[in-house]
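Asks: A single structure is presented below for examination.
The values are calculated or read from the model by the stated rules, or taken from the named source; none is laboratory data. What you are looking at is a predicted structure, and each value in this text was computed from that prediction instead of being measured. Neighbour counts run over all protein chains shown; Cβ positions are idealised from the backbone, glycine included. In case anyone asks, the SASA skips ligands and DNA or RNA and just uses the protein heavy atoms, side chains included. Shrake-Rupley method; radii C 1.70, N 1.55, O 1.52, S 1.80 Å.
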Amino acid sequence: MEERFFSPDFFHEYFFLILSRGFSFVDLVTNSRTHKPYALKRILCHSREDEAKFLKEIEYMRQFRDHPNI
C-alpha cells in the first residue's frame, strides 16, 4: 500500500496524543506558518479494504472543508 503523509514542514510542533482508538490516533499539532492548532488524525490501514474505507472518510470530510470547526 502507498503511504501518504503531510509535508514535514506543514506542522511546526507536535504537542501530545489526544485520543487513541483501535486503528486511529488523534494528535494535537500546530501549523508551521500560522501556528494555528490542529487535531491530526493518523490512521493505520492493514488491508486494501481498510484503505478504501478511510479514503471514503476523507472524501466526506472534504465536503465540510469550509466549516470553521473542522
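Asks: Looking at the stretch 13-42, which of its residues are open to solvent by less than 70 Å² (accessible area, probe 1.4 Å) and either touching a His at 6+ places or on another chain (Cβ under 6 Å) or in contact (Cβ under 8 Å) with a residue 12 or more places away in the chain (or both)?
Replies: SER24, PHE25, VAL26, ASP27, LEU28, VAL29, THR30, ASN31, SER32, LEU40
Asks: What are the residues in the stretch 43-70 that are open to solvent by less than 70 Å² (accessible area, probe 1.4 Å) and of a type in the set (Asp, Glu), if any?
Replies: ASP50, GLU51, GLU57
Asks: Now for a different question. Could you tell me whether any residue of the stretch 29-42 is in a helix (DSSP H, G or I), over 13 Å from the mean Cα position of the chain (by Cα) and at pLDDT 75 or above?
Replies: Let us first name the residues in the stretch 29-42 that are in a helix (DSSP H, G or I), namely none.
No; the residues of the stretch 29-42 include none that is in a helix (DSSP H, G or I), over 13 Å from the mean Cα position of the chain (by Cα) and at pLDDT 75 or above.
Asks: Filter the stretch 50-63 for residues that are modelled with pLDDT of 85 or more and among the hydrophobic types (A, V, I, L, M, F, W, C); which is nearest to the chain's Cα centre (by Cα)?
Replies: Step by step, filter the stretch 50-63, then rank; the result is LEU55.
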